[in-house]
Amino acid sequence: MDEKKVELLKDGKRISGRAFDELREVKIKLGVLDEADGSSYIEWGNNKVIVGVYGPKEVIPRHMENPSKAILKCNYSMVTFCSKEEHGKMGPNRRSVELSKVIREALEGIVETNLFPRTQIEIYMVVLEADAGTRIASFLGAVAALLDAGIPIKDIAVGIAAGKVGGKVVVDLDKDEDNFGEADFPVALTRTGDILLLQMDGKLTKEEVEEALGLIFEKSEVLLSKLREAVEEKYSKEVVKELKFSNKIIK
Ligand code: ADP
């Protein structure tokens, strides 16, 4: 546990100046890699993530094929220069293995893998800059890149975190809030309200969990419209009509 005492609230606001229910700015761009079947670039506050999707393609090694569905191979990694303080080695480590696994399991809840038996779909998520919330930014980037690749998904999904800082439940923690706050609560959820990923560090009461989930559900609307705008920018309004982006959770 870090002993450093950090004031996370000042005059009823977060140190970044954001309100408790305010997200950092999110920008999504599709089709940023020429060689990939689908790709995206996400800036979420100071997080920067690039995602490439390849496939459906032949399974290597062959014996890993599934005769009834595609297998998803997810790879989350951070570049060595992704943050000021921590410059780890490149290559797989405990964190990248865990995050690749939880993101894969979340994506398995929406990708129509049954349409592509005996194939694999590769999803590479590279964090270029990290400022807390990289797993949900990577998840959002993966959904955007899958849409760009035209891989059918059952429902649009987004990732978003809430947490607790200075005794208040807030949405979308930045790194200081993540490091020195009381709880971090990342969630991935579909447009229709199914939860695909839910993790928590720290301590929240049952009421605070409900409040955090309420904020997450409410603010997922912002991310759904950012995704819609990104698809519209690269494709057309017609494509967007086919995909349902409106949030059914709170209506
Ligand atoms: P998330 O990025 O999903 O919030 P964590 O809560 O584990 O994941 O990490 C919070 C933040 O701490 C990261 O976004 C990043 O800024 C920093 N961090 C954690 N581990 C590392 C690491 N190995 N290398 C660089 N930064 C890291």
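The values are calculated or read from the model by the stated rules, or taken from the named source; none is laboratory data. These numbers were taken from a predicted model, which means no experiment stands behind them. Here Cβ is always computed from backbone atoms with ideal geometry, including for glycine, and neighbour counts include all displayed protein chains. Each accessible area value is taken on the protein alone, full model and side chains, heavy atoms only, with ligands, DNA and RNA left out. Shrake-Rupley method; radii C 1.70, N 1.55, O 1.52, S 1.80 Å.
Counting only residues that are under 22 Å from residue 99 (Cα atoms), hydrophobic (A, V, I, L, M, F, W, C) and within 16 Å of the ligand (Cβ to nearest atom), segment 177-217 holds 12 of them. Among the candidates 131, 155, single out the residue that is near the ligand (Cβ under 10 Å from one of its atoms), part of a loop (DSSP other than H, G, I, E, B) and over 17 Å from residue 198 (Cα atoms). Just one listed residue meets the conditions, 131.
With respect to (1) within 15 Å of the ligand (Cβ to nearest atom); (2) at pLDDT 90 or above, the lone exception for residue 71 is condition (1).
Selection of first residues in segment 25-51 that are at positive phi and of second residues that are within 16 Å of the ligand (Cβ to nearest atom) and not aliphatic (A, V, I, L, M), restricted to Cβ pairs under 8 Å at least 6 apart or on distinct chains, gives the following pairs, ordered by first then second residue: 45/24; 45/131; 45/133; 45/172; 45/174. The single condition from (1) in contact (Cβ under 8 Å) with a residue 60 or more places away in the chain; (2) open to solvent by 40 Å² or more (accessible area, probe 1.4 Å) that residue 198 fails is (1). Taking each residue of segment 174-191 that is aliphatic (A, V, I, L, M) and looking for partners that are open to solvent by 10 Å² or more (accessible area, probe 1.4 Å) and within 11 Å of the ligand (Cβ to nearest atom) with beta-carbon atoms closer than 7 Å, six or more apart or interchain, yields 183/200; 183/201; 183/202; 187/197; 188/197.
Pull up segment 134-150, narrow it to residues that are open to solvent by 20 Å² or more (accessible area, probe 1.4 Å) and among the small types (Gly, Ala, Ser), then point me to the one that is farthest from residue 88 (Cα to Cα).
From segment 134-150, those open to solvent by 20 Å² or more (accessible area, probe 1.4 Å) are 135, 147, 149-150; that's our starting set.
Restricting the remaining residues to those that are among the small types (Gly, Ala, Ser) gives 149-150.
Working: 149: 32, 150: 35 Å.
Once the filter is applied, the top-ranked residue is 150.
Scanning segment 136-152 for residues that are away from the ligand (no atom under 16 Å from the Cβ), of a type outside the set (Gly, Ala, Ser) and either in contact with a Lys or Arg (Cβ under 9 Å, 6 or more places away or on another chain) or closer than 19 Å to residue 24 by Cα (or both) yields a count of 1.
Taken over segment 151-195, the residue count meeting the criterion of being of a type in the set (S, T, N, Q) and open to solvent by 10 Å² or more (accessible area, probe 1.4 Å) is 2. Checking 86, 65 one by one, the residue that is over 21 Å from residue 185 (Cα atoms) and at pLDDT below 95 is 86 and no other.
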